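Below: one structure, written as structure tokens.
The values are calculated or read from the model by the stated rules, or taken from the named source; none is laboratory data. Everything numeric in this text was worked out from a predicted model, so none of it was measured. FYI the Cβ positions are ideal-geometry reconstructions off the backbone, even for glycines, and counts take in every protein chain you see.
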Amino acid sequence: MHVVNHANLSPDGVADIASKLAGQENLRDVMSWALSSPTGTFIPLVVADVIVQDEFTHDVVVPWRDGLVLVYDTTCLGGITAVAVWDHRPTADEILGARMSAGWTPRPSLLKAGDRVVGHAACSMTNVAPERVSPTTHRTTRH
């Protein structure tokens, strides 16, 4: 697994984290690992946030130990492509900024009304507030 260091950890610290995350390929693996860890390893709310950057890219924010926060870069199907380690809980804008600084660009969805980026990354494309899907109502709202 590719680990991105946003926490200014030593190379040994990053290698230690990478070894602990080895074998995680999807969100089910992350949840199983987190829920099977000793009490106190994770904040009780295992997943603190899911940021839909675009239709195809989701960031899953997981507070971990020692004040570190893991941000899993996942596909829309839950496959893990990388994990970033932060020394604080990053905002959606910080995560998007780090992604774009590394060369990532949002992909537009093919919609009946025309192609456009949906999700938080839409704010990087226009001055329009991003649309988000409510986890409880599954309705799209503008923030």
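Out of (1) surrounded by 16 or more Cβ atoms within 10 Å (Cβ to Cβ); (2) over 10 Å from the mean Cα position of the chain (by Cα); (3) modelled with pLDDT under 90, what's the single condition that is false for P44? Failing condition for P44: (1).
Is it the case that V14 is crowded, with 16+ Cβ neighbours inside 10 Å and outside any loop (DSSP other than H, G, I, E, B)? Against the criterion (crowded, with 16+ Cβ neighbours inside 10 Å and outside any loop (DSSP other than H, G, I, E, B)), V14 does not qualify.
If you go through the stretch 31-47 one residue at a time, do you hit one that is under 30 Å from R116 (Cβ atoms) and of a type in the set (A, V, I, L, M)? Yes, the conditions are met somewhere in the stretch 31-47.
Counting only residues that are surrounded by 15 or more Cβ atoms within 10 Å (Cβ to Cβ) and under 19 Å from G78 (Cα atoms), how many does the stretch 1-11 have? So the answer is 3.
Here's a check for you: in the stretch 72-98, which residue that is hydrophobic (A, V, I, L, M, F, W, C) and without any contact (Cβ under 8 Å) to a residue 60 or more places away in the chain is surrounded by the fewest Cβ atoms within 10 Å (Cβ to Cβ)? So that I can check it myself, show each step before the final result.
Step one: of the stretch 72-98, the residues hydrophobic (A, V, I, L, M, F, W, C) are 76-77, 80, 82-86, 92, 95-96, 98.
Adding the requirement that they be without any contact (Cβ under 8 Å) to a residue 60 or more places away in the chain leaves 76-77, 92, 95-96.
Details: C76: 11, L77: 9, A92: 20, I95: 22, L96: 22.
Looking at residues that are hydrophobic (A, V, I, L, M, F, W, C) and without any contact (Cβ under 8 Å) to a residue 60 or more places away in the chain, I get L77.
Within the stretch 49-71, being more than 23 Å from S124 (Cα to Cα) and surrounded by fewer than 17 Cβ atoms within 10 Å (Cβ to Cβ) holds for R65, D66, G67.
Filter the stretch 99-117 for residues that are of a type in the set (A, V, I, L, M) and assigned to a loop (DSSP other than H, G, I, E, B); which is surrounded by the fewest Cβ atoms within 10 Å (Cβ to Cβ)? Don't jump to the end; show me each part of the working.
Here is the first cut: in the stretch 99-117, the ones of a type in the set (A, V, I, L, M) are 100, 102, 110-111, 113, 117.
In the following step, the residues that additionally are assigned to a loop (DSSP other than H, G, I, E, B) were identified as 102, 110-111, 113, 117.
Details: A102: 10, L110: 9, L111: 10, A113: 5, V117: 21.
Within the stretch 99-117, the match that is surrounded by the fewest Cβ atoms within 10 Å (Cβ to Cβ) is A113.
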